Structures are given as C-alpha cells and as structure tokens.
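Q: My questions will all concern the structure given below.
The values are calculated or read from the model by the stated rules, or taken from the named source; none is laboratory data. On a predicted model such as this, the values are computed, not experimentally measured, just so you know. All Cβ positions, glycine included, derive from the backbone under ideal geometry; neighbour counts span all protein chains shown.
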C-alpha cells in the first residue's frame with residue numbers, strides 16, 4: 001500500500017488521533033501527528049503517550065521512528081492521506097459548535113491538493129460532510145466520512161477488530177478509504193454519508209439511554225428500599241435478553257453526552273428519550289447527595305469520592321460527573337476528599353487515605369483495582385456499580 005506511505009492526522013495528539021497514528025506507524029507508515037497543543041506535541045516527541053491506552057507503551061517503543069508531532073502545515077502538504085480527528089463540541093442547549101471545525105476546513109482549502117484523500121473521523125452533526133464537500137468542491141473531491149467507534153483505552157485493540165464504517169461523496173473516495181483502512185482492518189461496512197453520520201449518533205445515544213434506564217431503576221429501588229444490584233443480578237442470570245442491562249452509576253464522557261445532544265438538536269427537540277436520559281444521568285450526582293441528606297446530617301460527615309475520570313480505567317476527566325459531584329458538595333459546604341490513581345488531579349489523595357478519613361465513601365468511577373479495597377463495616381459505602389463486596 002505504497003500509495004498511503006505519508007499520512008497526516010489532524011488532532012493527532014487526541015484520544016482518537018493518537019492511537020490511530022500508532023496503529024498506522026506499526027504497519028510501517030510515515031505518520032505526521034498535526035497537533036496545535038504544544039504540551040501534547042512535546043510528550044509525543046519525547047516517546048510518551050498523550051493519554052492512557054492499553055499497549056501504547058509497547059507501540060511507542062517499537063514504532064516511534066515512524067511518527068512525529070508538530071503544528072506544521074508541511075505535514076498536510078506532503079501527505080497523501082489527511083485524517084481529521086478534531087473535537088466537535090456541543091453547547092448546553094444541544095447546539096453543535098462547528099465554527100472551529102469549519103475554520104479548519106477553510107484552512108485546508110488553501111493547502112490541500114486534488115490528489116489527496118480526506119477522511120473525517122470526528123463525530124459530526126448530520127449534514128456536516130455535505131457542507132465540507134461543498135466548501136472543497138473546486139479543490140478536492142476525495143472526501144469520506146469514516147467515524148471512529150473505539151472504546152477509549154482499548155483503541156489499539158479495537159481498531160483492528162471493529163468493523164469500519166466507510167462512506168464518501170463519490171465512488172472514488174469510498175474505494176480509496178476502503179484501501180486505506182484495509183492497512184490494518186479487513187472488516188469494512190459501506191454506507192451512505194447520512195447513514196454513517198446517524199450510525200455514530202445513534203450508537204452513542206443508545207448506550208447513553210441504557211445507562212439512564214439503569215439509573216432510573218436504581219432510583220425506583222431506593223424508593224422501595226430494595227437493592228438494584230441484587231435485582232439486576234437475578235434479571236441477567238441465565239436470561240440472555242437482559243444481559244446488556246448496565247450497572248447504575250455516573251454515565252458521562254465527551255461522546256455519549258455530546259452525541260445524544262446532537263441527535264436532540266437534529267431531531268428539533270423531538271427526541272424525548274434523549275432529553276429524559278440527559279436529565280436522569282446528569283442529575284444523578286445530585287440525586288445521590290439528596291438521598292444521603294435524607295439519612296444523615298452531612299455537615300457532620302466527611303465524604304470520600306473514589307474515581308474522578310468519566311469512565312473506568314482511563315485517565316480522562318472530560319465531562320466527568322465525579323467533578324459535578326464535587327461541585328454539589330462545594331455548594332452545600334460539605335467536607336470531601338477525592339482519589340484517582342489514573343489522573344494527576346490537584347488535591348487527590350490515595351484511596352487508602354481517603355477510606356481512613358471519610359465517613360461516607362462513594363464509588364464514582366468503577367476502576368477495576370477498587371475491587372481489592374478493604375472498607376470496614378463502620379463506613380457508609382455508596383457503590384451503585386456493585387464493585388466492592
């Protein structure tokens with residue numbers, strides 16, 4: 001696949017771009033990680049990972065010579081393939097914030113050539129790819145939308161195994177994109193652009209709604225003084241139709257929330273399940289505190305929060321509901337401690353110190369190593385994840 005020897009990944013220091021770059025480097029490709037964040041560039045060029053990924057250190061050690069990072073337009077000019085992996089934020093009222101994304105497209109218009117392949121990996125609002133094609137129509141028509149669907153932290157495993165959705169503005173862009181992804185993945189699904197845009201949003205909204213169902217079931221159980229985790233175990237045991245029911249807990253992160261919000265906006269607010277899920281999941285930290293207030297005088301208690309990242313076994317705190325829980329406790333002037341060995345968050349203490357100092361311990365993020373923690377019976381444990389026995 002000599003055609004694709006030089007590859008530029010825009011947003012190459014991020015959670016989507018960096019593992020993709022490592023994967024391509026492992027197949028002998030020359031990869032340029034285009035990244036305006038100087039801190040991330042320095043980490044990459046110093047043989048460090050920008051975030052936690054399973055097997056990333058092994059990839060870096062073996063394939064470091066095949067990639068480099070920088071904010072250098074020459075990376076774009078001399079590449080045969082340009083992969084766009086930048087974030088597309090959403091406002092609090094669910095409106096996509098695409099100004100910076102389109103600024104990037106207009107910048108590319110001045111730099112790119114007609115023979116380059118442009119692959120967009122970011123989550124985008126439906127209709128975005130069509131607009132990109134319109135902006136670039138007199139410059140480049142090799143535009144495809146191939147959304148990522150990786151599980152953060154497991155990207156270097158899943159990139160090779162998950163079927164890749166491929167769509168494009170024409171047959172040539174689809175054919176070129178298929179050849180590109182077959183560098184490391186033979187499982188390709190061809191779709192229309194709108195299908196691909198909706199597959200990405202539907203997938204994340206579906207997962208987010210499922211968390212909301214469990215969180216509401218948990219609240220119902222609390223009302224009737226029964227244990228949701230016990231009920232869930234009995235529901236799923238030997239009954240495959242219930243096996244995908246998730247545990248209750250803080251469900252957030254930069255993808256599930258954002259894509260649910262984008263879908264709400266795309267449907268012109270006619271997506272009631274999405275709106276209800278946002279209300280249930282985003283208010284879950286407040287719900288936990290309110291339940292504790294019914295049982296205890298929290299002014300006389302010290303609360304310990306185990307886990308600050310938005311999900312288990314990663315180092316990413318973006319959109320974390322653990323941080324929202326801290327805000328609730330701060331507003332109520334309740335004493336708290338927090339701990340997370342995955343991220344270097346100011347003020348964090350060790351899990352064992354937190355357990356000693358706290359009267360109430362909330363398992364906010366279900367990191368696997370928390371299973372081994374010893375918590376005495378005189379402590380009040382709030383473990384919606386059912387992690388600690």
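Q: With the requirement that a residue be touching a strand residue (DSSP E or B) at 6+ places or on another chain (Cβ under 7 Å) and part of a helix (DSSP H, G or I), what does segment 355-388 give you?
A: Matches in segment 355-388: 355, 357, 370.
Q: Moving to a separate point now. Exactly one condition in (1) within 14 Å of residue 183 (Cβ to Cβ); (2) at pLDDT 95 or above; (3) in contact with a helix residue (DSSP H, G or I) (Cβ under 7 Å, 6 or more places away or on another chain) is not met by residue 4; state its number.
A: For residue 4, the failing item is (2).
Q: Does residue 197 fit the bill of being free of Cβ contacts under 8 Å to residues at least 12 places away in the same chain and either surrounded by fewer than 16 Cβ atoms within 10 Å (Cβ to Cβ) or within 24 Å of residue 23 (Cβ to Cβ) (or both)?
A: no
Q: Condition first: surrounded by fewer than 17 Cβ atoms within 10 Å (Cβ to Cβ), closer than 16 Å to residue 36 by Cβ and without any contact (Cβ under 8 Å) to a residue 40 or more places away in the chain. Now tell me which residues in segment 69-82 satisfy that.
A: 71, 73, 74 - these are the residues of segment 69-82 that are surrounded by fewer than 17 Cβ atoms within 10 Å (Cβ to Cβ), closer than 16 Å to residue 36 by Cβ and without any contact (Cβ under 8 Å) to a residue 40 or more places away in the chain.
Let's see how each residue does on (1) buried (at least 20 other Cβ atoms within 10 Å of the Cβ); (2) over 29 Å from the mean Cα position of the chain (by Cα); (3) outside the structural domain of residue 229 (by TED's automatic domain parsing); (4) under 21 Å from residue 216 (Cβ atoms):
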site: 303; (1), (2), (3), (4): yes, no, no, no
site: 308; (1), (2), (3), (4): yes, no, no, no
site: 365; (1), (2), (3), (4): yes, no, no, yes
site: 387; (1), (2), (3), (4): yes, no, yes, yes
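Q: Here's another thing I want to ask about it. Anything in segment 280-311 that is assigned to a loop (DSSP other than H, G, I, E, B) and over 30 Å from residue 153 (Cα atoms)? List them, or say none. Break it down stepwise before answering.
A: The initial filter retains those residues of segment 280-311 that are assigned to a loop (DSSP other than H, G, I, E, B), namely 283, 296-297, 301, 307-311.
Within segment 280-311, 296, 297, 301 qualify.
Q: Could you grab me the full set of residues in segment 30-46 that are surrounded by fewer than 22 Cβ atoms within 10 Å (Cβ to Cβ) and in contact with a strand residue (DSSP E or B) (Cβ under 6 Å, 6 or more places away or on another chain)?
A: Matches in segment 30-46: 30, 41, 45.
Q: Can you find even one residue in segment 325-332 that is outside any helix (DSSP H, G or I) and farther than 22 Å from residue 212 by Cβ?
A: Of the residues in segment 325-332, the ones outside any helix (DSSP H, G or I) are 332.
From what's left, farther than 22 Å from residue 212 by Cβ: 332.
Taking every residue of segment 325-332 in turn, at least one turns out to be outside any helix (DSSP H, G or I) and farther than 22 Å from residue 212 by Cβ.
Q: Moving to a separate point now. Output the residues belonging to segment 31-68 that are in a loop (DSSP other than H, G, I, E, B) and without any contact (Cβ under 8 Å) to a residue 24 or more places away in the chain.
A: Passing the criteria: 46, 47, 48.
Q: Further question on the same structure: Could you say whether any residue in segment 120-128 is within 22 Å of the chain's Cα centre (by Cα), closer than 30 Å to residue 315 by Cα, free of Cβ contacts under 8 Å to residues at least 40 places away in the same chain and surrounded by fewer than 17 Cβ atoms within 10 Å (Cβ to Cβ)?
A: Taking every residue of segment 120-128 in turn, none turns out to be within 22 Å of the chain's Cα centre (by Cα), closer than 30 Å to residue 315 by Cα, free of Cβ contacts under 8 Å to residues at least 40 places away in the same chain and surrounded by fewer than 17 Cβ atoms within 10 Å (Cβ to Cβ).
Q: Of all residues being under 18 Å from residue 41 (Cβ atoms) and in contact with a helix residue (DSSP H, G or I) (Cβ under 8 Å, 6 or more places away or on another chain) in segment 83-107, which is surrounded by the most Cβ atoms within 10 Å (Cβ to Cβ)? Just the residue, please.
A: So, considering only residues that are under 18 Å from residue 41 (Cβ atoms) and in contact with a helix residue (DSSP H, G or I) (Cβ under 8 Å, 6 or more places away or on another chain), the one surrounded by the most Cβ atoms within 10 Å (Cβ to Cβ) is 83.
Q: Going by the conditions given, is residue 286 surrounded by fewer than 20 Cβ atoms within 10 Å (Cβ to Cβ), under 19 Å from the mean Cα position of the chain (by Cα) and either at pLDDT 95 or above or farther than 17 Å from residue 212 by Cβ (or both)? Walk me through how you get there before you give the answer.
A: On the way: surrounded by fewer than 20 Cβ atoms within 10 Å (Cβ to Cβ): yes; under 19 Å from the mean Cα position of the chain (by Cα): no; either at pLDDT 95 or above or farther than 17 Å from residue 212 by Cβ (or both): yes.
So residue 286 fails the test.
Q: Now a separate question. Output the number of residues of segment 12-29 satisfying the condition of being in a helix (DSSP H, G or I), crowded, with 24+ Cβ neighbours inside 10 Å and touching a residue at least 60 places away in the same chain (Cβ under 8 Å).
A: Of the residues in that region, 5 qualify.
Q: Can you find a residue that is assigned by TED's automatic domain parsing to the domain that holds residue 136, within 10 Å of residue 13 (Cβ to Cβ) and either touching a helix residue (DSSP H, G or I) at 6+ places or on another chain (Cβ under 9 Å) or modelled with pLDDT of 95 or more (or both) anywhere in segment 50-59?
A: Yes: segment 50-59 contains one or more residues that are assigned by TED's automatic domain parsing to the domain that holds residue 136, within 10 Å of residue 13 (Cβ to Cβ) and either touching a helix residue (DSSP H, G or I) at 6+ places or on another chain (Cβ under 9 Å) or modelled with pLDDT of 95 or more (or both).
Q: Which residue out of 248, 252, 219 is at pLDDT 95 or above, surrounded by 18 or more Cβ atoms within 10 Å (Cβ to Cβ), assigned by TED's automatic domain parsing to the domain that holds residue 291 and touching a helix residue (DSSP H, G or I) at 6+ places or on another chain (Cβ under 8 Å)?
A: Working: 252 fails: at pLDDT 95 or above; 219 fails: surrounded by 18 or more Cβ atoms within 10 Å (Cβ to Cβ).
So the residue among 248, 252, 219 that is at pLDDT 95 or above, surrounded by 18 or more Cβ atoms within 10 Å (Cβ to Cβ), assigned by TED's automatic domain parsing to the domain that holds residue 291 and touching a helix residue (DSSP H, G or I) at 6+ places or on another chain (Cβ under 8 Å) is 248.
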